[in-house]
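The values are calculated or read from the model by the stated rules, or taken from the named source; none is laboratory data. Keep in mind that what you see is a predicted model, and the values were worked out from it rather than measured. Every residue, glycine among them, receives a Cβ derived from its backbone with ideal geometry; neighbour counts consider all protein chains shown. Note: areas computed on protein heavy atoms with side chains; ligands, DNA, RNA excluded. Shrake-Rupley method; radii C 1.70, N 1.55, O 1.52, S 1.80 Å.
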Amino acid sequence: MDASTDVSAVPASDAPVGHLPGSWMLPHRPESAGIARRIATDVLCGWGVDEDTTDQVLLVVSELVTNALEHALPPITLHLQRPDFDAILRIEVDDGGPAETAGAWATSCTPEEHGRGAGIIALLASAHGTRILPHTVTYWAALPAAGRCPGARPPCGTHDVRSPIPRQEHPESL
């Protein structure tokens, strides 16, 4: 398979074995929103985060990655952080800055269909914002992890989050 058809995520850092990485580079393809949700699900499960919080985090991850896919240049990097396993989960998505033209989905929508993601993030996050640097824009959100299960446990997904995500046969179902 050549790089243009690879839809797997690559850990953005070489984390030691047994340590969950906090960053994954995503391909600039529509399938990346689903890949990001699968990564986040496994990481949050490994951290012992409750189902309601996981659902909220997945909405935010989906919105941030989709925004990067539709409106920004590559590269796209997903960051998930839970400093010292405290009650705040931090989600960041880096991109290569604004694209000159919007993606296919964004250009096919009516004006009423745009801008909902920002409202979803504002509703769910305790804080959110943007960090702009030369050649990189980071969109971030912090969510409370109220009701999380105490202590971490081993990842509960079917794959190691340090490894690339297997290619899905039906990416439209993501």
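Could you list, in sequence order, the residues of segment 55-86 that are out of contact with any helix residue (DSSP H, G or I) (no Cβ under 8 Å at 6 or more places or on another chain) and open to solvent by 50 Å² or more (accessible area, probe 1.4 Å)?
Hits for segment 55-86 are Asp55, Leu73, Pro74, Pro75, Gln81, Pro83, Asp84, Phe85, Asp86.
What pairs can you find where one residue is in segment 119-135 and in a helix (DSSP H, G or I), the other is open to solvent by 50 Å² or more (accessible area, probe 1.4 Å), and their Cβ atoms are less than 8 Å apart, with a gap of 6+ or different chains?
These pairs meet every condition: Ile120/Leu59; Ile120/Glu63; Ile121/Glu63; Ile121/His128; Ala122/His128; Leu124/Gln56; Leu124/Leu59.
I'm trying to understand the selection: among the residues of segment 121-167, which are at pLDDT below 90 and aliphatic (A, V, I, L, M)?
Ala145, Ala146, Ala152, Val161, Ile165
If you scan segment 42-54, which residues turn out to be of a type in the set (D, E, K, R) and open to solvent by 20 Å² or more (accessible area, probe 1.4 Å)?
Asp50, Glu51, Asp52
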